[in-house]
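Structure first, commentary second.
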Amino acid sequence: MTPIRRIAVVIPARDEEGTLEACLASVEEAADRVGVPVDIVLVLDACTDGSAQIAARHPRVRTASVAFRNVGRSRAHGVELALAAPDDHGLWLAFTDADSRVPRGWLAQHLRAGARADAYIGAVVPVLDDLDPIRRRVWVDGHPPGATLGHVHGANLGMRASAYRRAGGFAPLDTAEDVDLAERLRASGAVILSSEREPVLTSARLAGRAPRGYAGYLEALAVEAG
């Protein structure tokens, strides 16, 4: 496979001033631990809070302000900004969310996967201490080692830019845009690896930005508990 010569991290955000600083700092730290250039692209989608001011404190982060109110379009827009050259075979696209924190070895894990595959599906875990006791117990009981393998989350997803283009990129969906793209990657014949190493820590809020997104899944855990 073509060696990965550059990484672009794309982060959509919509009114995430409470978590954005920690997100950007974690991505910058992960970028410092790999030996290739890393471009960080933050797409501020219809933000009315202080997200832009927080981003301005991070000169390494490129920002774009849009008014899509659609996470699929925001992710796709961030990719287009990252595709600076026609030869994208050496570009790896990594995705996370503005309400998440990536571990130090996150991009190194993506690079390891990219050396053998066209795409990578990583693990996501909520901030368990922020869940109420019932939901926390249900989540822990339902997630023994290996339980998250293959579950697609935009907060920890990566792929070669060439594979992204072959699959048609993100669709303009307001939810499950990540799952939709993963399905098209598989249909295109992409080699996909999954791992629970270096999981991304994501918000445990119960009211999310995307309909039927991760927050809705966490909210429903209480129903599972009976």
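Between Ala64 and Glu183, full extension at 0.36 nm per residue minus the direct alpha carbon distance yields a gain of 40.1 nm. Using 0.36 nm per residue and subtracting the Cα-Cα separation, the extra length available between Val36 and Arg197 on full extension is 55.9 nm.
Look at where the Cα atoms of the range 36-50 and of the range 101-122 average out, and the two centres are 20 Å apart.
What's the ranking of 49-61, 159-171, 32-44, 89-101 by average number of surrounding C-beta atoms within 10 Å, highest first?
Values: 49-61: 15.8, 159-171: 20.5, 32-44: 17.9, 89-101: 24.8.
Those peptides, ordered most packed to least, come out 89-101, 159-171, 32-44, 49-61.
Computed from backbone phi with θ = phi - 60° and the Karplus coefficients 6.51, -1.76 and 1.60, the 3J(HN,Hα) list for the range 155-163 is 6, 8, 9, x, 6, 5, 4, 5, 5 Hz; x is used for glycine and proline. The modelled label-to-label distance between Arg5 and Ala147, using points 7 Å beyond Cα along the C-beta direction, is 4.4 nm. Global dimensions of the range 25-116 from alpha-carbon coordinates: Rg and Dmax equal 13.7, 41 Å.
When you count the other C-beta atoms within 10 angstrom of each residue and take the mean per peptide, 74-80, 152-158 line up highest first as 152-158, 74-80.
Throughout, read-outs are computed from the coordinates displayed, never taken from laboratory work. Remember, it's a predicted structure, so these values are computed and weren't measured experimentally. Heads up, the Cβs are rebuilt from the backbone with ideal geometry, glycines too, and the neighbour counts pull from every protein chain shown.
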